[in-house]
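The values are calculated or read from the model by the stated rules, or taken from the named source; none is laboratory data. From a predicted model like this one, the values you see are computed outputs, not experimental measurements. For neighbour counting, all protein chains shown are included, and Cβ atoms are generated from backbone atoms with ideal geometry for every residue, glycine included. We work out accessible area using only protein heavy atoms, side chains counted, and drop any ligands, DNA or RNA first. Shrake-Rupley method; radii C 1.70, N 1.55, O 1.52, S 1.80 Å.
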Amino acid sequence: MEPITGRALILACSAIGAGLAMIAGIGPGIGQGYAAGKGAEGVGRQPEAQADIVRTMLLGAAVAETTGIYGLIIALILLFANPLIGLL
Amino acid sequence: MEPITGRALILACSAIGAGLAMIAGIGPGIGQGYAAGKGAEGVGRQPEAQADIVRTMLLGAAVAETTGIYGLIIALILLFANPLIGLL
Amino acid sequence: MEPITGRALILACSAIGAGLAMIAGIGPGIGQGYAAGKGAEGVGRQPEAQADIVRTMLLGAAVAETTGIYGLIIALILLFANPLIGLL
Amino acid sequence: MEPITGRALILACSAIGAGLAMIAGIGPGIGQGYAAGKGAEGVGRQPEAQADIVRTMLLGAAVAETTGIYGLIIALILLFANPLIGLL
Amino acid sequence: MEPITGRALILACSAIGAGLAMIAGIGPGIGQGYAAGKGAEGVGRQPEAQADIVRTMLLGAAVAETTGIYGLIIALILLFANPLIGLL
Amino acid sequence: MEPITGRALILACSAIGAGLAMIAGIGPGIGQGYAAGKGAEGVGRQPEAQADIVRTMLLGAAVAETTGIYGLIIALILLFANPLIGLL
Amino acid sequence: MEPITGRALILACSAIGAGLAMIAGIGPGIGQGYAAGKGAEGVGRQPEAQADIVRTMLLGAAVAETTGIYGLIIALILLFANPLIGLL
Amino acid sequence: MEPITGRALILACSAIGAGLAMIAGIGPGIGQGYAAGKGAEGVGRQPEAQADIVRTMLLGAAVAETTGIYGLIIALILLFANPLIGLL
Amino acid sequence: MEPITGRALILACSAIGAGLAMIAGIGPGIGQGYAAGKGAEGVGRQPEAQADIVRTMLLGAAVAETTGIYGLIIALILLFANPLIGLL
Amino acid sequence: MDNANFIVRFLTWLMTFDRKALILAASAIGAGFAMIAGIGPGVGQGYAAGKGAEAVSINPKASKQATMVMLLGAAVAETSGILALVVALILLFGNPLVTQQGAVLILAASAIGAGLSMIAGIGPGIGQGYAAGKGTEATGRRPQYQSNVVRAMFLGQAVAQTTGIYALIISLVLMFANPLVRLL
Ligand code: NA
Ligand code: NA
Ligand code: NA
Ligand code: NA
Ligand code: NA
Ligand code: NA
Ligand code: NA
Ligand code: NA
Ligand code: NA
Ligand code: NA
């Protein structure tokens, strides 16, 4: 009989923590979609400024991506390089 | 009698973590829908710019999809290649 | 007396995980509804562009559906082809 | 005395999972309401285009309903044809 | 002392599931309120189109109600005709 | 030590379920407030149409109230006529 | 047999706390995406003011990033330099 | 064997409380991003008023930051100067 | 062996309650950021009315801060002057 | 006992605590939940603040009237935040559940349910704040119709308050007239 160890509990909660961290992705999804809509609108109105519009849209979207990446990194750390196990 | 092992607890919490990670999908859904609406509006106003509008809309929507994909990847890792089991 | 096994715990948490995954559906619902509203507005303003407007609306809505489908797939995997049981 | 079995735990968590899945309904509710508002606005402005506006609104709303239906289906599966019991 | 049975656990979790299912009602509340606002705006601008505006608003609001009704139905099933008890 | 009965567990979870069901009230609050704002705006623009605007606003707000009422009803059922106790 | 220690419980809950802290990232993602959309729109309208628009957009986006960084810092502290262990 | 003490339980829950407190950061992120977008729009329209626009944007954004700071302070207190331990 | 006392349980739950209370900060963050954006826009429109615009923005933002302060006060009471311990 | 499953073990562990301690611990969480309602007034009043600043920039001559409507509307939008604060303070300083007879599990859960219910206040807070903002905007544009606008705004805000009142009633019932204890 192998009981539940502290190590197992930490890893189990890490699975939940990883899932929670991904929820941050709601933000970039909404924000970048807004930028996409405004970009499409702008390109329709000023086709001659298309290059500038798309470049600004993508630059702003890259900035908006960061917190989604932070969430992904924390989830990957929890899953693949769990530092909490080392603190036990 | 087979009691609950640490391995089972980790896998059980992985099911919840996978579900939580999918919630990120709210973001791209809202954002891309906004882009769709703005694209439809733009195409109605400037039918001659349809190709540019749709291309910009799809480019922006692709950028907005990423955090939804991140959530999906974390869920698939938790379900099919659970690395936490290896850390036990 | 049949106690709660690890297998049962995983399946119980899979039910919760499946429910959580469906919450992603909030996103496409809002986004596609926005597109529907903008499409209806556009068709009222430019009835001659109706085909283009509706096509763009549906194309954008299809893109916005994906993360809702991802959530559905993860839920169906948890319910019908639970891979966590195989990892036990 | 009938203790809590694994089967009972799965069914109990299925009740919670079914409730969670219904939360997806927030999305279509907001989105279709937006479409309703835009449809009403459009009909007021272009009464002659009423048929086109309402048709587009309903088409878009049907698309926006899907993820709410997915949530309902997962809830009904959990309540009436629980496949997790078969995996036990 | 009467111990907790599996049946009691399922019914207890059904109460929570019923509460969760009602949260779907956020969506129709927001969406239909938006439609109400747009309807009021439209009636102020085009009083002669009042009948058309209100009809479209109510039609769209009826469509937006569905997922709130789905949530109510799942809650009523959990409370009054709990099928999970039969699966035990 | 006070013993825990199944009946007590069901009633305890009913208290939490009732609280969760009330959260639906977020929706009508936001939506009707939107309608209130649009109504106030319309009355300021077309004071001569005040009666029509306010009537439409109230009609739409009544429709938007329903899911909040559903949540209230489920909460009242859980608190005052708990049918789950009868299923035990 | 190694039971669950207080130290293990703290570390397990730290994994969940780290995941929760990342949810803050929803905000900057939405906000910066809005800024990206407004920036793209502005650049399309006033290409001659592109430098000013983009600079203001990035300055504002930097301000909007801070709470996402706070969340990341708290998560990293919980994972790599857990001060709660020292308080035990 | 070192069992879970009351002190450990408080510290474990403090980790979760710290994570929850950070969620406040959603607000400033959205709000300041909106301000960034409006600032960029304004600078594009009235480049001659750039200094006034940016100053007002930053002043308003500073005000919007406060609740995010409150959340951070509560989290830091829970992690580094936990007063609950002293109340034990 | 020192068991977990009731006092410890209250203090542990107080840490979670304090974290939950801080979530209120989402609201002022969004609202004040909106005010910041509108203030910046207004200052660009009428630079000569800058003092009045900023004064109204700050007055409104002060009103919007209150619920964030309420949450902070409840959290501080729970952490530093826990009245629940006195009721024990 | 060793053979009991983790659910029974957990509930038995809960029952080892003092009755009052269990209810008060749950009350701490309930108070935290109740405060989340504060999101609503924050968003709504901030919207009103933005509309106020906009109104002042569009029509500086009407700035006094617009600001007054903003404050009036924002005061109404505060309601849900105040109600949530009152429920939290009752749970913390005048907890009526600790002295009640009945199963401790039900009373502890009722403290959490009372807090959860108040979260509904987000809705009225946002909605009434939106109405405040639109009322402010309309007053700034055409100050001569201020009374019409404010009347429509108040009427709409009253309608938007109802679900917050329902939530308060459920919360008060759970705290002061708990019917679940009697169903046991
Ligand atoms: Na970012
Ligand atoms: Na992305
Ligand atoms: Na998508
Ligand atoms: Na859909
Ligand atoms: Na619907
Ligand atoms: Na309704
Ligand atoms: Na910030
Ligand atoms: Na603030
Ligand atoms: Na306030
Ligand atoms: Na109402």
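Rounded to the nearest 10 degrees, the inclination of helix J:6-15 to the longest alpha-carbon principal axis of chain J is 80 degrees.
For chain A, the longest principal axis of the Cα atoms and the long axis of helix A:6-22 meet at an angle of about 10 degrees.
Taking all protein chains as they are arranged and a probe of 1.4 Å, the heavy atoms of J:Ile58 leave approximately 80 Å² accessible to solvent.
The distance between label points at J:Thr99 and J:Leu14 comes to 2.5 nm (points 7 Å beyond Cα on the Cα→Cβ vector). For region J:71-88, 3J(HN,Hα) computed residue by residue from phi via the Karplus equation (6.51, -1.76, 1.60; θ = phi - 60°) reads 5, 4, x, 5, 5, 4, 5, 6, 2, 4, x, 5, 4, 5, 4, 4, 4, 4 Hz, glycine and proline entered as x.
Here the sum of -39500 (n - 2.57) over DSSP H runs of 4 or more residues, divided by the residues of the protein assembly as shown, equals -28000 deg cm²/dmol at 222 nm, to the nearest 500. In the frame of its principal axes, region A:33-81 has Cα extents of 49, 15, 11 Å, reported largest first.
Legend: Rg and Dmax of the protein assembly as shown, from Cα coordinates, 26.5, 82 Å.
For region E:1-22, a reduction of at least 50 Å² in accessible area between the chain on its own and the assembled protein chains (probe 1.4 Å) is found at E:Glu2, E:Ile4, E:Leu9, E:Leu11, E:Ala12, E:Cys13, E:Ala15, E:Ile16, E:Leu20, E:Met22.
Seen from every direction in turn and averaged, the convex hull around the alpha carbons of region J:30-184 projects onto 9.0 nm². Taking only the Cα atoms of chain C, the radius of gyration and Dmax are 20.2, 72 Å.
With every protein chain present, what is the per residue accessible area of region C:33-81 (1.4 Å probe, Å²)?
On a per-residue basis, 32 Å².
Relative to the longest principal axis of chain F, what angle (0 to 90°, nearest 10) does the C-alpha long axis of helix F:50-80 take? That helix lies at roughly 0 degrees to the long axis. The distance linking region H:25-63 with region E:32-88 is 38 Å (Cα centroid to Cα centroid, whole angstrom). Buried accessible surface for the E/D pair, both sides summed and rounded to the nearest 100, is 3900 Å² with a 1.4 Å probe. For the protein assembly as shown, which whole percent of the accessible surface, found with a 1.4 angstrom probe, sits on carbon and sulfur atoms? Roughly 69 percent of what the probe reaches on the protein assembly as shown is carbon or sulfur.
Here each label is just a point 7 Å from Cα along the line to Cβ, and for A:Ala51 and C:Glu48 those points are 3.3 nm apart. Cross-link pairs exceeding 30 Å in C-alpha to C-alpha distance, out of A:Lys38/J:Lys64; A:Lys38/J:Lys61; H:Lys38/J:Lys64; C:Lys38/G:Lys38, comprise A:Lys38/J:Lys64; A:Lys38/J:Lys61.
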